Structure formats: structure tokens, C-alpha cells
Amino acid sequence: MVVKNKDDYVVVMKGITKVYPGGVVANYNIDFDLKRGEIHGLLGENGAGKTTLMKILAGCLTPDKGEIYVKGEKVKFKSPIDAVKKGIGMVHQHFTLIPSFTVAENIILGGIGGEEAKKIKLDMELIEKEIAEFSTKHGLPINPRAKIEELPVGLRQRVEILRLLYRKADILILDEPTSVLTPLEVKELFEALKRIVKEGKSVIFVTHKLDEALSISDRITVLRRGKVVARIDNPKSISKEKLAELIVGKKIVFKSAKAEVTIDKTVPVLNVENLRVLDDRGAPAVRGLSLTLYPGEILGIAGVEGNGQRELVEALTGLRKVAEGKIVILSEDVTNKTPKHVINLGVSYIPEDRIGRGVALDLSVAENLIAKVHDKEPFSKRGLLNIKSIYSFAKKAVEKFNIMVPSIKAPVMYLSGGNIQKLILARELSLNPKVIIAEQPTAGLDVAATEFIHKLLVDFRNKGCGILLISADIDEILKLSDRVAVIYEGKIVKVYDQVEKIDLIELSKHMLGVTSKGETVER
Amino acid sequence: MATSLGYSKKVRIIYTIYPIISVIMALAILSLVIYLIGVDPAKALYYLYFGMLGNYNYVSETLIRATPILLVSLGLAIAFSAKVWNIGAEGQLYMGGLIAAMVALNSSNLPSAIAIPLIWLAAGIAGALWAFIPAILKAKYEINEIFTTIMMNYIAIYFTSYMLHGPLRDPMSHFPETPTIPENTWLPRIIPGYRFHAGALFSLVVLVPLVYILLSRSTLGFKLRLIGSSRETARYCGIDVEKGIVYAMLLSGFFAGLAGANEVTGVVFKMRPEISPGYGFTGIAVALLGRLNAIGVALASIFMGGLINGSYTMHRMAKVPVGVAYFVQGLLIILVVVGEYILRRVMLERKVKVE
């Protein structure tokens with residue numbers, strides 16, 4: 001029976017666990033398998049752990065726990081080269097082609113096959129001819145002499161796939177392959193993939209788009225927050241609604257200790273009007289977004305990651321330039337003001353990137369705790385730090401927020417992820433904020449830390465603080481928010497004023513850009 | 001829960017004493033090389049030590065040699081704390097020395113108590129201004145300061161050379177150098193019979209504590225260290241990162257300029273084209289070896305100054321080439337940088353327990 005399995009399953013991953021430095025659990029005890037000749041959809045939101053799992057399979061990352069069997073043989077990959085030798089190839093989200101090289105040159109980068117390999121001199125003409133034939137045979141025709149930089153993205157992806165096939169890969173991993181393609185190119189890609197699996201090769205198709213997963217996959221595995229939540233052997237049997245629910249999570253709306261606060265809700269603490277913000281590449285990320293936040297409420301921003309949340313938050317906190325529109329915080333226009341200005345107004349910001357933005361790893365716990373107020377009394381006077389008052393403040397904060405530290409003088413790099421997050425909260429909440437911007441405040445944290453942070457946020461809301469909660473975790477949004485706004489493609493597409501009355505299916509559809517008719521919204 | 005307060009304590013202790021370990025490793029490698037060229041390492045190392053601290057005169061000479069290195073590396077400790085990689089201290093030192101000589105030559109009428117501080121201040125400002133150019137390029141246009149500062153060294157050194165061959169040349173001298181500066185601008189010697197001068201004393205007693213306080217006890221130092229640890233975090237905490245980069249560069253240029261003034265007013269008493277045998281580069285090794293801490297830097301520069309002097313004694317007595325001082329210096333940079341990188345990786349990649 002073992003022999004039969006060996007033929008049936010080309011990949012078996014058992015109990016894969018991966019923890020990133022800082023303590024974020026990207027994969028927890030994941031089982032995954034791939035049959036010969038199938039297209040296996042790996043579905044989940046951004047940050048669900050799909051890419052991590054696939055990078056482990058492709059040898060780019062090593063798991064902390066778990067076993068991997070390829071074609072019945074137990075493997076331990078030390079590098080992608082080991083995986084390639086076993087026939088595993090991955091097309092990454094960011095392409096790995098050399099722009100100034102031709103298609104043929106890029107394809108043979110990993111080595112030349114056949115007779116040509118024995119020669120010292122490269123006979124490019126012959127190789128190009130071979131590659132032209134090779135690509136037509138696989139239904140992925142391409143001009144081998146074209147330079148990569150001259151090709152549209154769809155064709156570049158085709159080169160990536162051809163390169164894997166040329167290296168004799170029979171297990172192909174495609175990470176979000178359609179995110180850069182036009183609908184027509186998607187159709188072509190799907191046809192090519194179907195042809196590839198008919199040759200007996202296997203494909204893992206990683207995506208967060210459920211329509212695509214449903215239309216191409218023979219089987220689907222759904223990941224959420226680093227765990228497998230569903231395995232679907234017959235995608236035709238499942239409805240789109242059910243799948244959407246699986247992706248974003250089972251909703252249990254329970255009331256937390258929210259007090260009914262009577263606060264004047266006529267004056268907003270934060271008002272955003274028709275905001276436009278560009279992303280790092282200069283493409284519009286926030287496209288005419290408006291929202292209003294009142295004191296004493298938690299406004300949840302629900303949305304799949306990458307729909308402009310990051311750019312919105314950075315614009316609000318002064319870290320990113322606003323291209324157009326207006327941001328008013330506590331009746332003051334803060335459009336394009338400095339981060340310092342926004343901080344001084346009483347805006348606390350709990351960033352998603354805890355390690356890169358939230359803390360300075362080399363500085364001590366105490367120094368990190370006063371980083372935003374180091375130039376204010378009592379922490380400093382006339383340009384000199386008051387070490388005594390810094391330490392006594394740090395001692396109290398560490399106690400109050402229950403941060404586990406070896407010493408308040410120890411560098412933050414010795415802390416675990418959960419404790420780093422508590423430290424950030426301690427610093428931000430000690431500012432006596434009037435507005436809190438919380439970005440994925442509990443991502444990757446365990447239940448206890450999550451509960452602790454939720455309680456703190458609710459406490460501040462009860463005190464009359466306005467909280468903007470940006471989270472990819474629907475459970476969290478529904479649990480904490482007084483109102484929910486859905487962000488999609490840089491705009492607020494829906495605001496729910498009463499959380500109790502949210503239709504979850506409808507919410508998922510708004511988040512995934514699916515209209516009520518069930519069709520994908522055009523970009 | 002992903003928790004555990006750390007990795008083995010052993011690694012942390014090793015990290016703390018690593019500068020000492022790297023010095024020992026460098027001397028061990030040096031001994032091997034000495035052995036390979038056919039000299040008894042024990043004998044050679046004895047003369048190395050003797051030339052460093054063998055008697056009061058050698059101690060005085062070591063401190064004099066250490067002073068320009070100390071001044072440069074104090075400034076570099078400030079810049080490196082903000083991860084601003086000023087490799088241009090040598091050029092900043094030359095500009096400082098040039099201006100020091102020019103001001104000194106025109107200060108014969110001033111009392112020493114005014115003339116000397118004035119010369120040092122002018123030299124410091126000259127060094128700072130020379131550093132301002134790469135600073136602005138870095139802060140405003142994100143041009144890598146490593147390349148610009150290295151290139152600025154050559155401009156400064158050749159500009160100095162031009163000035164010494166031309167406008168500032170002493171007509172009475174056979175060499176391209178300025179006339180000797182007036183005696184009222186010479187740094188006073190502290191102990192009769194020894195060359196140990198006020199500049200060395202001032203650097204050790206005033207500037208070392210000052211830089212220590214600046215880096216670990218001042219808001220400016222805090223900002224610079226925060227910028228050095230993570231520019232993104234600094235920006236998020238409301239710190240003007242561009243301004244911080246410029247300040248770090250200006251301060252390190254200022255100290256390098258002072259090193260130039262120290263050589264002109266305390267050792268050579270004129271400006272010469274070879275005023276520095278590479279103190280600006282030695283300072284890089286010293287700043288790293290001293291862990292960007294003023295006291296560590298003071299100890300490291302005394303070691304390095306002694307090493308240079310000791311290598312002359314070792315050469316005379318044991319026939320070991322003089323270049324060994326620079327050999328050890330190069331070894332130290334490699335050992336410190338690589339070793340600390342590895343140790344940090346070990347510390348960051350600690351195992352995390354999962355639920």
C-alpha cells in the first residue's frame with residue numbers, strides 16, 4: 001500500500017510549523033499533499049501562511065517542525081537547488097528574471113540540457129531554436145530572442161514557467177500567478193496549466209481569489225492564520241459563499257466588556273475627505289477614500305490586505321505624502337504634516353510591522369518605551385536625559401502591561417513577539433491618546449496576548465478615545481468594532497453602522513470585491 | 001505562546017567581551033606571522049609591549065600618538081551610532097590641519113589662552129564643513145555617504161598638497177610645508193621632560209566624558225542611536241531623520257578637524273602633506289573596536305597608538321617590519337565586524353517555543 005501512495009502523492013507535508021524570528025507563527029502544524037497530475041488550489045487571505053508553506057516546499061525556508069516527502073522519499077531541503085533536483089520549481093510573486101537578458105538566456109540560466117551541455121561554447125542560435133520548439137510544444141509560445149525588459153508581465157511569467165519546465169520540474173508552484181495578469185492572460189495561463197497536468201506534472205496554485213481557485217483546482221486546501229481550516233476534495237460541491245466564509249473565518253460575534261458611553265458624537269476626532277495616496281511604486285493605492293471617526297467608538301476597517309490600508313495609515317500618521325484630499329484630526333488640518341506633529345496632537349499608532357517600525361531592536365526596553373517622549377519632561381531637561389525618571393517610568397509600564405523582559409535595560413531584540421507588541425502598546429497608550437490607529441494589533445499572537453490587547457483597546461474606547469482598527473481578521477473586527485467600514489481597492493465601499501446586523505456573506509463579498517450578482521468587480 | 005527570554009547566557013557574555021577576544025585573536029595571528037618570518041614571537045611581542053608602555057616616556061609617546069586617533073574615533077563613534085558611515089575623517093582631518101595652520105600663522109599677537117581655542121575651533125568647523133557636503137547629499141538625495149566621503153578624502157589631501165606647494169609654502173624650507181607656527185600657538189607641555197601636551201590631556205579628560213554624555217545621556221544622542229538602530233522606527237517616533245544624519249556627519253567632521261589641529265599645534269607645529277599616516281582610517285577600526293562607546297574608544301585608541309609606536313620598537317629590536325601595526329589594524333576590523341555580525345545573528349535566531 002505504501003507503493004501505491006508513492007505513485008499517487010508526489011508531495012506529502014506533515015505537521016509543518018514555521019515561526020519567524022520575533023515569534024510570528026506563520027505555519028502551525030500544517031498537513032498538505034499533492035497528487036500526480038492535479039492542480040491543487042492553496043487558498044487563503046494574505047498573511048494566512050500560503051507563501052511561507054510554499055517557500056518551505058521549494059527549499060527557500062526551512063521549517064521548525066514537520067516532515068516533507070517528495071515522491072515517497074523523505075527530504076530535507078537546504079536550498080532551492082535541492083528542491084529543483086527533486087523536480088520542484090516555484091514561480092515567485094516577484095519574478096526572478098534578469099531584465100537585460102533574452103528569453104533564451106534566462107531559461108538556460110539554471111543549466112543547459114541535452115547535447116549542448118557538453119560543449120564549451122554556447123551555440124545560442126541552436127539553443128534558441130530548441131527553446132522555440134520547446135515552448136510551442138508546451139502551448140506557451142514565445143520569441144526566445146526577445147529581451148525580458150521588453151516583454152509584458154504575462155509573457156515574463158510564461159518565461160518563468162518555461163524555465164521550470166526546461167529544468168524538468170514536474171511539481172510547479174505558482175504563487176499568486178494571476179495578480180499581475182489581465183483576464184485574457186489568465187485564461188491562457190489556465191489552459192496552459194491544464195495541458196501541463198495532462199502530461200503527468202502537478203501544479204500548486206496559490207491564490208486569495210476564490211473564483212480562480214474554484215475554476216481551475218481539482219482540490220483545494222484553505223489556510224487561515226497559519227492553519228489548515230478546510231480541505232475540499234470536490235470544488236464543484238462547494239458554494240462560493242461557503243468558501244468565502246472559510247477563508248475569512250467562522251464568525252462568532254460576542255460582546256466584550258464594552259460600556260455604553262455617552263459621548264458627544266457630533267464632533268469627529270478624525271475626518272478623512274476624498275483622500276488619494278500613492279504606493280511605493282507611485283501607483284494609486286488610496287483612491288478617493290472618505291471616513292469619519294467619532295470619540296468613544298471603534299471603527300473597524302475590514303478588507304483583504306493590500307487594498308490601500310497600509311498607505312491610508314501612513315498618510316494619517318504623516319509617514320506618507322498625501323497626493324490629494326484632506327485629513328482633519330481633532331479639528332486641525334494635518335494633511336502632509338510631520339509624524340511629530342500628528343503624535344503631539346494625541347494620535348497613537350500601533351504599526352503592523354512591529355520589528356521594523358514599532359521598535360528599535362538595539363535599544364533597551366526602557367529607551368523604546370520613551371522613544372516618542374524622550375524630549376519631553378520629566379524624561380529630559382535642557383537636552384539631557386533623566387535616566388532615573390526614564391527607568392522608573394519603564395519599570396511601571398513593564399509591570400502594568402505585564403511585559404516579560406530580562407531587564408528594562410536589555411535590548412528589545414531579546415524579547416518575544418508578543419512582548420514586543422505589549423511594549424509597543426505600553427508606549428502608545430501611555431501617550432494619553434485621543435485617537436488610536438491600530439494596525440493588525442494581534443496578528444500572529446496567541447490567545448492570551450490577543451485578549452489582553454483587545455481589553456486594552458476596549459478600555460480606551462470606553463474612556464472616549466476614537467480607535468481606528470485595521471485588521472485582516474474578521475473575527476477581531478466584528479468582536480471589537482462599533483461600526484465597520486469595508487475597504488476595497490483604496491475606497492470605502494460599505495459602512496455598517498450596526499455590527500449586530502452585518503450579513504457575513506455580504507461582508508465577505510464586499511471585501512473580496514464580489515458584487516451581489518456574484519461577479520468580480522472590474523479593476 | 002511564543003515566549004522565552006532568550007538564548008544562552010553564554011552568547012551574551014561572549015558578545016560583551018568580544019572586543020577583547022578579537023584583540024587576542026589578532027595578536028595570535030600576528031604571532032603566527034612573526035613566527036613564519038623567522039622571528040621569536042615572544043621576543044617580538046615583548047618589544048611591542050615595551051614600545052607601548054615600557055617606561056614613562058613610552059607611555060607619554062603612546063598617549064600623544066593616541067590623541068589624533070582618539071579625536072577621530074570619538075567623532076566616528078557619534079556618526080556610526082546613527083549608522084552614518086563617514087569614511088572621510090582623513091580628509092576632514094587634513095582640512096582641519098590646513099585651517100589650523102592658517103589661523104595659527106596669523107595669531108602671533110594673541111595670547112595663548114585665546115589663540116589655541118580659536119585655532120581648534122576653526123579647525124573643527126573646517127572639518128565639519130568638509131563633512132557637510134556628503135551629509136547634505138546623503139540626507140537630501142540619499143547618495144551613499146561611504147563613496148562620497150572616501151572621494152572627498154582625495155580632494156582634501158590634494159587640495160592641501162596644492163596649498164602647501166603654492167600659496168602657503170614656507171619660502172625658507174626645502175619641503176612643501178608651512179612655516180613653523182608662532183610659539184604662542186603651541187600646545188603647552190604638561191609634564192617637564194615629556195612631550196605629553198595639553199591637547200592629549202584635554203581630549204582624554206574633557207572630550208571623552210563629553211562624548212560619553214552626548215551619546216548615552218543626551219536627547220541628541222538618543223535620537224542618533226534611534227536613527228542608527230532603525231531609520232523607519234525613528235521616523236515613526238517623530239524624529240527628523242535627515243536632520244539627524246546631518247548632525248551626525250557635522251559632529252564627526254568637527255572631531256576629525258580637531259585631530260588636524262592637535263597635530264599642527266601639539267606635535268608638528270606646521271602643516272605638512274603627510275600630517276597624518278592614516279589616522280582617519282585607523283579611527284574607523286578604533287571606533288568599532290571601542291563599540292562606539294566613548295570610554296571603549298579611549299581604551300582602543302590608546303591600544304592602537306601604542307601598537308603603532310610599539311611596532312617601531314619591535315622593528316628596531318626584533319627586525320619585524322613596521323607595517324605590522326596596520327596589519328593588526330586590518331585584522332581587527334575584519335575580526336570585529338565579522339565576529340559581531342555572526343554573534344548578532346546567533347542572538348536573533350534564537351529558538352522560539354510554540355504553544
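The values are calculated or read from the model by the stated rules, or taken from the named source; none is laboratory data. It should be emphasised that the depicted structure is a prediction, and the values quoted were computed from it without experimental measurement. Using ideal geometry, Cβ is built from the backbone for each residue, glycine included, and neighbour counts are taken over all protein chains shown.
Residue-by-condition table, conditions (1) of a type outside the set (Lys, Arg); (2) in contact with a Lys or Arg (Cβ under 9 Å, 6 or more places away or on another chain); (3) surrounded by 16 or more Cβ atoms within 10 Å (Cβ to Cβ):
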{"residue": "A:Leu43", "(1), (2), (3)": "yes, yes, yes"}
{"residue": "A:Ile56", "(1), (2), (3)": "yes, yes, yes"}
{"residue": "A:Leu61", "(1), (2), (3)": "yes, yes, yes"}
{"residue": "A:Lys71", "(1), (2), (3)": "no, yes, yes"}
{"residue": "A:Val75", "(1), (2), (3)": "yes, yes, yes"}
{"residue": "A:Lys78", "(1), (2), (3)": "no, no, no"}
{"residue": "A:Ala83", "(1), (2), (3)": "yes, no, yes"}
{"residue": "A:Lys86", "(1), (2), (3)": "no, yes, yes"}
Can you spot a residue in region A:496-519 that is modelled with pLDDT of 90 or more, surrounded by 15 or more Cβ atoms within 10 Å (Cβ to Cβ) and among the small types (Gly, Ala, Ser)? no
Pairs where the first residue, in region B:23-48, is farther than 20 Å from B:Val59 by Cα and the second is not in a helix (DSSP H, G or I), C-beta under 6 Å, 6+ apart: B:Ile34/B:Val320; B:Val39/B:Val320
Test of understanding: among A:Leu415, A:Leu445, which residue is under 24 Å from A:Arg310 (Cα atoms), within 11 Å of chain B (Cβ to nearest Cβ) and modelled with pLDDT under 90? A:Leu445
Among (1) loosely packed, with under 15 Cβ neighbours inside 10 Å; (2) in a loop (DSSP other than H, G, I, E, B); (3) within 14 Å of chain A (Cβ to nearest Cβ), there is one condition B:Lys243 misses while meeting the rest; what is its number? (2)
Condition test on B:Ala113, is it more than 25 Å from the chain's Cα centre (by Cα) and surrounded by fewer than 21 Cβ atoms within 10 Å (Cβ to Cβ)? yes
Helices (runs of 4 or more DSSP H) contained entirely in region B:6-114, each with at least 2 residues that are within 23 Å of B:Leu204 (Cα to Cα) and out of contact with any strand residue (DSSP E or B) (no Cβ under 8 Å at 6 or more places or on another chain): B:18-36, B:41-53, B:56-81, B:89-105
Counting only residues in region B:226-240 that are under 24 Å from B:Arg344 (Cα atoms) and aliphatic (A, V, I, L, M), the one nearest to the other protein chains (Cβ to nearest Cβ) is identified as B:Leu226
Applying the selection to region A:380-400, what residues are crowded, with 20+ Cβ neighbours inside 10 Å and facing chain B (nearest Cβ under 9 Å)? A:Ser380, A:Leu385
From the set of residues in region A:338-356 that are in contact with a Cys (Cβ under 9 Å, 6 or more places away or on another chain) and free of Cβ contacts under 8 Å to residues at least 24 places away in the same chain, which is farthest from A:Val493 (Cα to Cα)? A:Lys340
Residue under evaluation A:Val2, criteria (1) modelled with pLDDT under 90; (2) within 13 Å of another protein chain (Cβ to nearest Cβ); (3) over 14 Å from the mean Cα position of the chain (by Cα), criterion not met: (2)
Would you confirm, using the coordinates I've provided, whether A:Lys509 is among the basic types (Lys, Arg), assigned to a helix (DSSP H, G or I) and free of Cβ contacts under 8 Å to residues at least 40 places away in the same chain? no
Candidate set: region B:186-225, residues that are within 12 Å of chain A (Cβ to nearest Cβ) and β-branched (Val, Ile, Thr); chosen: the one surrounded by the most Cβ atoms within 10 Å (Cβ to Cβ): B:Thr219
Is one or more of the residues making up region A:376-389 farther than 24 Å from B:Arg231 by Cα and in a helix (DSSP H, G or I)? yes
With the condition kept exactly as written, say whether any residue in region A:422-439 is basic (Lys, Arg), closer than 20 Å to A:Ala302 by Cα and in contact with a helix residue (DSSP H, G or I) (Cβ under 8 Å, 6 or more places away or on another chain). no
Selection status of A:Ile98, farther than 18 Å from A:Pro177 by Cβ, among the aliphatic types (A, V, I, L, M) and assigned to a loop (DSSP other than H, G, I, E, B): yes
The number of residues in region A:343-366 that are more than 7 Å from chain B (Cβ to nearest Cβ) and over 27 Å from the mean Cα position of the chain (by Cα) is 6
When every residue in region A:303-337 that is free of Cβ contacts under 8 Å to residues at least 24 places away in the same chain and surrounded by fewer than 16 Cβ atoms within 10 Å (Cβ to Cβ) is compared, the one farthest from the other protein chains (Cβ to nearest Cβ) is A:Asp333
